Amino acid sequence: MDTGNTARGRFGSQLGVILASAGSAVGLGNIWRFPTEVGRGGGAAFILIYLGFIFLMAMPVMLSEFVIGRSARANAIGAFQKLSPGKPWILAGIMGVLGGFLVLSFYSVVAGWTLHYTVASAVGQLQGGADFSQAFTAFVSDPWQPIVYLAAFMLLTHLVVARGIRQGIERYSKLMMPMLLAIIVLLMVFSLMMPGAAEGVRFLLQPDLSKVTPEVILGAMGQAFFSLSVGIGCLVTYSSYFSQETRLVSSAMNVCIIDTMVAVLSGFIIFPTVFSVGLAPDAGPGLVFITLPNVFALTFDKMPLAGYLFSLLFYVLLLLAALTSSISMHEICTAFISEHFGKSRRQSAGIVTIICLLLGSFCSLSFGPWQDVTVFGRGFFDLFDFTVTKFLMPLGGLLMTLFVGWYLDRKLVEQQLTNDGCIHVRLMRPLLFLVRWVAPIGILVIFLNELFPLFL
Ligand code: PHE
């Protein structure tokens, strides 16, 4: 079903579709959050559980979002209005747009830190002698500095989104994603060549089952959803710009594979280097901002140029990954404001940028002067992070799989998956089974498990 509304943007090529969607998926989640969780969750044991969640639960949600977006050709809220007028399903869209604002706000704070570390490593500030733990705490708790970097990062995101789908999102994804992939491979080779790297590789490949607690399993699901950007209408929005020829199933598979590869490769960059200088792998969120600068500094000592290049390339990588993801979060909100209120893309993007800059500043301040300001017992950063990853994403994913699996006309779903019968989807039945049963039941069980203890 094509509404023929070509005034809306469209991706110009299949490569653009995959790189933009993979750009959304590959982000801080892969390079910053994934290694942290792997470090805590017993290395390979966590990775195996994570893989199960990616392919059995997150991928079916992605496919559902693609079906909704391309058949409605509208923003996350508009799509539900079109496909189920007057029905409560719209709630999934509303949660999505709300989630878009929240996720962009807290994500940009960490992206701002990344920008700061990129600049610091470019000017050679991450050299030996410094206390990186103290430097990190001093930086993030400063009232102004992180907000300045947050604003700079937000501006970069804004400039891409304001240019539209083909000239902005597609063009820059095609530029940044190949750079990102090249840097990853380069860094991995580099890191595997470091003395003592084998221990890091062993840590990644040997499952330590004793670390697998129910919490680790819940964490793996949250990580899978966050990493694939599913559950908050981001991919509904992107797929509303797919052409009629875009193959939904193979695109979803490609994005899952690229995303997982980048996450695992990041592990192969981080752990061998961390082990090679004898630091602990479970340093938590400080891993890339405290442990790694330490690693770089130690390498600087022995091989100054290599250390400099490694650290600079690493933060550029993190920055590129953050940017292609933040663009997609911004687009959820911009598409909604532009279509719902009939505003131009530039105006809509401007409104989103201003709102998120404000909310992002709240998140940033929660590491410093507003440390004691809490809502429901959490600072703003934690509150937004919790609301999105533990609540909106699983609930949104649940609603979207139910919507596509049980509410939408089966014919329409099959038409979307087969491009009106033009392609044969071999795994149609198993895929629909995942969408109708496995994903919703799995999400529900885990979601309730996670929420119940909070209210007991
Ligand atoms: N998938 C992104 C990452 O791994 C984060 C993201 C979440 C992007 C939600 C868009 C929407 O960093």
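Coordinate-derived values only; no laboratory data. Just so you know, these numbers come straight off a predicted model, no measurement behind them. Using ideal geometry, Cβ is built from the backbone for each residue, glycine included, and neighbour counts are taken over all protein chains shown.
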Check: Given the conditions (1) within 15 Å of residue 191 (Cβ to Cβ); (2) touching a residue at least 24 places away in the same chain (Cβ under 8 Å); (3) over 22 Å from the mean Cα position of the chain (by Cα), which single one is not true for residue 317?
Finding: (3)
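If I filter the stretch 321-330 for residues that are of a type in the set (Gly, Ala, Ser), away from the ligand (no atom under 16 Å from the Cβ) and in a helix (DSSP H, G or I), do I get at least one hit? Before you say what the answer is, go through the steps one by one.
The first filter runs over the stretch 321-330 and keeps only residues of a type in the set (Gly, Ala, Ser), leaving 321-322, 325-326, 328.
Pick out the ones that are also away from the ligand (no atom under 16 Å from the Cβ) and you get none.
The answer is no, given that none of the residues of the stretch 321-330 is of a type in the set (Gly, Ala, Ser), away from the ligand (no atom under 16 Å from the Cβ) and in a helix (DSSP H, G or I).
Could you identify the single residue in 274, 255 that is within 13 Å of the ligand (Cβ to nearest atom), crowded, with 21+ Cβ neighbours inside 10 Å and not polar (S, T, N, Q)? Explain how you work it out, then say what you get.
Details: 274 fails: within 13 Å of the ligand (Cβ to nearest atom).
Going through 274, 255 in turn, just one is within 13 Å of the ligand (Cβ to nearest atom), crowded, with 21+ Cβ neighbours inside 10 Å and not polar (S, T, N, Q): 255.
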Next item on the list: Say whether the condition of being surrounded by fewer than 20 Cβ atoms within 10 Å (Cβ to Cβ), touching a Lys or Arg at 6+ places or on another chain (Cβ under 9 Å) and among the aromatic types (Phe, Trp, Tyr) is met by at least one residue in the stretch 424-444.
Entry: no
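Quick one: which helices (runs of 4 or more DSSP H) sit completely within the stretch 184-245 and have at least 2 residues that are of a type in the set (Gly, Ala, Ser) and closer than 30 Å to residue 74 by Cα? If you could, list the steps in order and put the result at the bottom.
Details: elements: 197-205, 214-227, 234-239.
Per the criteria, 214-227.
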Next item on the list: Return yes or no: is residue 189 more than 14 Å from the ligand (Cβ to nearest atom), β-branched (Val, Ile, Thr), more than 16 Å from the chain's Cα centre (by Cα) and exposed (fewer than 15 other Cβ atoms within 10 Å of the Cβ)?
Entry: yes
Checklist line | helices (runs of 4 or more DSSP H) lying entirely in the stretch 390-456 (those with 1 or more residues that are more than 27 Å from the chain's Cα centre (by Cα)) | finding: 410-418, 428-433, 439-455
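Run down 110, 103, 123 and say which single residue is surrounded by fewer than 24 Cβ atoms within 10 Å (Cβ to Cβ) and within 28 Å of residue 30 (Cβ to Cβ). Walk me through it before giving the result.
Working: 110 fails: surrounded by fewer than 24 Cβ atoms within 10 Å (Cβ to Cβ); 103 fails: surrounded by fewer than 24 Cβ atoms within 10 Å (Cβ to Cβ).
Step by step, each of 110, 103, 123 is checked, and only 123 is surrounded by fewer than 24 Cβ atoms within 10 Å (Cβ to Cβ) and within 28 Å of residue 30 (Cβ to Cβ).
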Check: Which residue pairs have Cβ atoms under 6 Å apart, sit 6 or more places apart or on different chains, and have a first residue in the stretch 146-167 that is part of a helix (DSSP H, G or I) and a second that is among the aromatic types (Phe, Trp, Tyr)?
Finding: 160/172; 165/241
Notebook entry, point to check: Here is a list of conditions, (1) surrounded by 24 or more Cβ atoms within 10 Å (Cβ to Cβ); (2) in contact with a Leu (Cβ under 6 Å, 6 or more places away or on another chain), and residue 67 meets all of them except one; can you say which number that is?
Noted result: (2)
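Within the stretch 104-139, which residues are small (Gly, Ala, Ser) and not in a helix (DSSP H, G or I)?
Within the stretch 104-139, 124, 128, 129, 130 qualify.
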Next item on the list: Please go through the stretch 370-389 and pick out each residue that is assigned to a helix (DSSP H, G or I), crowded, with 19+ Cβ neighbours inside 10 Å and of a type outside the set (A, V, I, L, M, F, W, C).
Entry: 385, 387, 389
Margin query: Would you confirm whether or not the stretch 192-204 contains a residue that is crowded, with 21+ Cβ neighbours inside 10 Å and within 16 Å of the ligand (Cβ to nearest atom)?
Written below: no
Note to self: If I ask for residues that are in contact with a strand residue (DSSP E or B) (Cβ under 6 Å, 6 or more places away or on another chain) and farther than 19 Å from residue 275 by Cβ, which ones from the stretch 154-208 would you list?
What the structure shows: none
